1. With every protein chain present, what is the per residue accessible area of the stretch A:227-336 (1.4 Å probe, Å²)?
2. Given a 1.4 Å probe and no ligands, DNA or RNA in the count, how much accessible surface is buried by A and B, both sides, to the nearest 100 Å²?
3. Provide the per residue accessible area, probe 1.4 Å, for the stretch A:1-128, rounded to a whole number of square angstrom.
4. In whole Hz and in residue order, list the ³J(HN,Hα) couplings for the stretch B:110-125 that follow from phi through the Karplus curve 6.51 cos²θ - 1.76 cosθ + 1.60, θ = phi - 60°; x for Gly and Pro.
5. Go through the stretch A:129-146 residue by residue and turn each phi into a ³J(HN,Hα) via Karplus (6.51, -1.76, 1.60, θ = phi - 60°); whole Hz please, and just put x for glycine and proline.
6. Within straight cross-link reach of B:LYS20, meaning Cα distance under 28 Å, which lysines are found once same-chain residues fewer than 8 apart are removed?
7. At q = 0.17 Å⁻¹, what base-10 log of I(q)/I(0) does the Debye formula yield for the stretch A:227-336 when every alpha carbon is treated as an equal point scatterer in vacuo?
8. Count charges around B:THR217 for me, please; just the other residues with Cβ under 15 Å from its Cβ, Lys/Arg as +1, Asp/Glu as -1.
Amino acid sequence: MSSANLHSSPERVIAELQAIVGEDKVRCDADTLHSHGRDWTKAWEPAPLAVVFPRSTEHVQAIVKLANAEQLAVVPSGGRTGLSGGAVAANGEVVVSFDYMNQLSDFNAIDRTVRCQAGVITEQLQHFADEQGLYYPVDFASAGSSQIGGNISTNAGGIKVLRWGMTRDWVAGLTVVTGAGDILELNNGLLKNNAGYDLRQLFIGAEGTLGLICEATMQLTRQPKNLTAFVLGVENFDGIMNLFNRFQSEMDLTAFEFFSEQALQKVVEHSKLPRPFESTCPYYALLEFEKLNDETEEQAMALFEACVEEGWVLDGVMSQSLEQLKNLWRLREDISETISRWTPYKNDISTVISKVPNFLSEVENIVNSEYPDFEIIWFGHIGDGNLHLNILKPDSLDKSEFFEQCGKVSLAVFDIVQRFGGSVSAEHGVGLLKKDYLQYSRSPEEIALMRHVKQVFDPNGVMNPGKIFD
Amino acid sequence: MKVLVAVKRVVDYNVKVRPKSDGTDVDLNNVKMAINPFCEIAVEEAVRLKEKGVATEIIAVSIGPKVAQEQIRTALALGADRGILVETEEDVQPLGIAKVLKAVVDKEQPQLVIMGKQAIDGDNNQTGQMLAALTGMAQGTFASEVAVDGDSVAVTREIDGGLQTVKLALPAVVTTDLRLNEPRYASLPNIMKAKKKPLDTLTPDELGIDVTPRVKTLKVEPPAERQAGIKVADVAELVEKLKNEAKVI
């Protein structure tokens, strides 16, 4: 669907949008169309008809009703930090940006919930929770830009999934406008609610293809105490798995991340951060835990010693202050930003934890043998079986040629994913980038059912068309 | 050459501190504590001097409650050889600290004392200077470079609008500024080794020092909250507001 299918002229549609949200909340200038017409993926040229900024759920409903009447495609837009092209508008769609719906309200200290408009920035919610002496645990590198609505639509994961789960686990209620233009209040913040299907869950991770998330009641939890990080240098990938198993069997880790020496080198150079220790190791693991007392520290140290004796770990440091904790985390969190200048081709794949080592070595073998010129940067959240495979663009290749070759790599990689029963998109969603590969993770029957579900909520197909599947 | 390094246990730099509801002090309940960043730089500098073969022994000393052992252990993990805790539950102020340090200096006879130019809790910037006065040692404050040469040390000082290099006869007191160095992380093997390094505990009484506070805190309150900015419609309105509201033009 594109603007060519519109029932009325583009000018008329824009005037109708202006009538809903006000003249100054509909923008058609080149800068806004460009900035709000895409996410972090840079593969598609943005070309929306207009960007509209609603300020209430009623505005959103009116926009969706107009979209149905005019056969106008709607693309939701949050913090635009997505990595799969879920928020790309390249065909004359109207972009619905939640930038002005950024209010927090109805904090309830007993339920430990707070109501967020979809445009609340993740970090804003984290800070709010902090001020109440509570904690919002979903966290990732783009938390300073990404919005709650986008987090929910993509079921964002991040660096604390091991202990606290994905965004899905923190959504106590949703207010959505369906593709048909109905407002639904889903779940109302209930912890227990087995009265029928939980439609809320369908909207989480739907990437805006069923409707638009306007407000959410988010669950908060107690603050972790004295978070402390280890960064350990590891000989090989098996060592990472061994050390993960050893720590995990005796301690409650809040995070377990890994990255390669290549990744570390680039981050240290880019961010001017000190290396954790002088020796270089092929891989690094970042473990985080709550240091409740001396006993926890003793226990962690004893585990470290045991891992050194086993020959899995070569060296290590422990954060002694929040500043050091922050800087050690940056070694991992700054990777995405650091490598963005190489226009990386990103794969966000997962398998069950036990299969990770074999999975990783198979993927590495195939890329190394078929594309020896490509530099690979590995990092990821071992603790949840999620690996980020990044292929950097050699300067000698132009963008389209590079992406074309990477497409071939993807087929080989996804073939392995399929054999391992893994996912072609662990936490980034499908969007435009992965839709051709959906069948590697989902059966034809499943995909057919997904289409039916979409049909039910979005009978005219106006909601983010072309995303997840055609 | 023996080097004495002072380390203070303070509220972690990244903690947003809040006053107690009765306004008597900052609320330290369940707040992350850490080594004062300037002290950390002092430790790093001492360790570098040892790595260069200039320093032979580094003694880390802290004055405070029993838990201040944690910060001494951090210093030991970074490379100090032994620690001294002068244990007191009293809120010790700069003059008291300086007197205690003088007693330790008398006992240990270091050639160089390296300490932070200030602690980030009290922001006093007094202890190093007071110690130099009490001991009669030379002082080089706000150091961004320290070069020991035989019986003297050249200290490059960060002063308003530039740098000043002074040459001090040893023994001397040097206080550190932020740009002196970038402290390393404590490695896990060194943290384990640090547990076996000697850590002596003394009390102010044993040193014959009275650390009773001389200055009384009357009230602690948070800074006024910053008002949100506003948007003006045009230059004329801006000028009008600058003239009549802000009264800056």
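1. Ligands and nucleic acids excluded, the result is 37 Å² per residue.
2. 1900 Å²
3. Counting only protein heavy atoms, the per-residue value for the stretch A:1-128 is 41 Å².
4. Here the 3J(HN,Hα) series is x, 7, 9, 10, 10, 8, x, 5, 6, 9, 6, 8, x, 6, 7, 6 Hz.
5. With the stated coefficients, the stretch A:129-146 comes to 4, 4, 5, 8, x, 10, 9, 10, x, 6, 8, 7, 4, 8, 4, x, 10, 5 Hz.
6. A:LYS225, A:LYS291, A:LYS326, B:LYS8, B:LYS32, B:LYS66, B:LYS117, B:LYS216, B:LYS219
7. Debye intensities relative to I(0), on a log10 scale: -0.75.
8. -4
The values are calculated or read from the model by the stated rules, or taken from the named source; none is laboratory data. The model shown is predicted, which means the values in this text are computed figures rather than measured ones. Cβ sites come from the backbone with ideal geometry, for glycine too, and all protein chains shown count toward neighbours. When the accessible area is computed, the model is the full protein with side chains, heavy atoms only, and any ligands, DNA or RNA have been set aside. Shrake-Rupley method; radii C 1.70, N 1.55, O 1.52, S 1.80 Å.
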